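Have a look at the structure below, then the notes.
Computed from the coordinates by the stated procedures, all read-outs in this text should not be read as laboratory data. Computed from a predicted model, the values in this text were never measured in an experiment. Note that we place each Cβ from the backbone using ideal geometry, even for glycine, and neighbour counts take in every protein chain shown.
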Amino acid sequence: MSQQSTRNLVLIEPSFFGYNPETASTNDFQVDARGGGDATHTAAIREFRALRDMLVEAGVTVTTVQGAKNCPDAVFPTWFSTHEDGSAYLYPMLAASRRRERSEHLISFLQKFYILKSEALVAETEGRALEGTGAMVLDRVNRVAYIGLSQRCDEKLALEWCAKTRFEPVVFDTVDHAGKPVYNTGMVLWIGTDVCGVGTGYIVEKDRARVLASLARNREVVELDNAQIRNFCGNAVEVRGTDDQPLLVMSEAAYGLLTSDQLSRINRYITRILAANLGTIETYGGASAGAMVQGLF
């Protein structure tokens, strides 16, 4: 039986981190805060290493790989996914700076452990994208892929991937606080082994009941409000720690907005919540822990 989460992770330490104007037009979670320069990068590295150390102390096996140069979003390695059958899929990214993250040394790292599947990359020449574990949130146990459509998530590409991998697609539309599609599904949904969190208000009304019903078939659903999603409560991730205990990784900002009822329900299924200070990364990068942590299945 497939596992939803793993104890083995890879984190990408950025060679450069900062606000990326190239991705800002589709990411309304970014704050236009240019000009931070070295101070921003230094703060992000501090946050990154503190998260890494927190994971290691909790019994998680973490491999740290240096990110490609001149890639301000390298800390978010959503451009690949790994699978228990020994395959790793590479995904077409919308922005040129995100495509550059597929550096030779990172590809070589993946090839040591996985057979790479890169057929979808040709879509980049057509301006189409399927941004991996950001675009598709996977229920690995039940083989369901939750797919929120956006400029970074092409429906045809997503359905082709699901057909190849035998995942059932659950496709839906979203709308964010700026009235546009949420740039990545992983901003509004995280899925653990027995519990999930979902920003119901960001899923359009015509699709909401169908998505909730699908999620509720296999786990407890914790609904997150719009303010919580805006502050990254939806961008969390389950990992495994000491004795294979399930842990939920999120930012301090997100954790601080969870209600006592939500925490009680999550803690029925999660041994411990790891809350890291990711303020700089969230502000300038427009994503959080769920986009930083990549499982090695």
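Note the full-extension length gain between LYS156 and ILE115 as 0.36 nm times their separation in residues minus their Cα-Cα distance, in nm to one decimal.
Details: separation 41, 0.36 × 41 = 14.76 nm, distance 2.35 nm.
Result for the pair: 12.4 nm of gain on full extension.
Using a Förster radius of 45 Å, what is the FRET efficiency between ASN70 and ARG268 based on their Cβ-Cβ separation? Nearest 0.05, please.
Between ASN70 and ARG268 the formula returns 0.50.
Once you mark the trypsin sites (Lys or Arg not before Pro) that are in a DSSP loop and have at most 11 other Cβ atoms within 10 Å, what is the longest gap between them in the chain? Numbers along the way, then the final one.
Values: sites that count: LYS69, LYS112, ARG166, ARG217, ARG268.
Between exposed loop sites, the widest span is 1-68.
Counting pairs of alpha carbon atoms under 8 Å apart in space and at least six apart in sequence, what relative contact order in percent does the chain give?
Working: 648 pairs, mean separation 70.7, N = 297.
Here the relative contact order equals 24 percent.
Antiparallel versus total DSSP beta bridges in the chain: what percent is that, nearest 5? Walk me through the intermediate numbers first.
Details: 19 of 43 bridges.
For the chain, the DSSP antiparallel bridge percentage is about 45.
Report the charge-dipole magnitude of segment 1-57 in Debye, nearest 20, computed about the Cα centre from +1 at each Lys and Arg Cβ and -1 at each Asp and Glu Cβ.
Working: 5 positive and 8 negative charges, 38 e Å.
Charge dipole of segment 1-57: 180 debye, to the nearest 20.
Using a simple charge model, +1 on the beta-carbon of Lys and Arg, -1 on the beta-carbon of Asp and Glu, nothing else, what dipole does segment 8-295 show about its Cα centre, in debye to the nearest 20?
320 debye
Would you compute, from DSSP H runs of 4+ residues alone, the mean residue ellipticity of the chain at 222 nm, taking -39500 (n - 2.57) per run and dividing by the full residue count, rounded to the nearest 500? Kindly include the intermediate steps, with their values, before the conclusion.
Working: 12 runs with 94 residues, N = 297.
After summing the helix terms and dividing by residue count, I get -8500 deg cm²/dmol.
Grab the alpha carbons of the chain, take their convex hull, and tell me the volume per residue in Å³. Don't skip to the end; give the middle numbers.
Working: hull volume 34.6 nm³, N = 297.
Cα convex hull per residue, to the nearest whole number: 117 Å³.
Go through VAL239, ALA287, SER25 and say which Cα lies farthest out towards the positive end of the charge dipole of segment 8-295; charges sit on Cβ, +1 for Lys and Arg, -1 for Asp and Glu.
VAL239
Residues in segment 63-81, backbone N under 11 Å from the label point at HIS105 (7 Å along the Cα-to-beta-carbon vector): list them, ranges by number please.
65-69, by backbone N distance to the label point.
Can you list the lysines whose alpha carbon sits under 28 Å from that of LYS180, skipping same-chain ones fewer than 8 residues off?
LYS156, LYS206
What FRET efficiency, computed as 1/(1 + (r/R0)^6) with R0 = 41 Å and r the Cβ-Cβ distance, is obtained for ALA227 and THR63, rounded to the nearest 0.05?
On the way: r = 35 Å, r/R0 = 0.85.
Calculated transfer efficiency: 0.70.
Towards the positive end of the charge dipole of the chain, with charges on Cβ (+1 Lys, Arg; -1 Asp, Glu), say which of PRO181, ILE273, VAL10 has the farthest Cα.
VAL10
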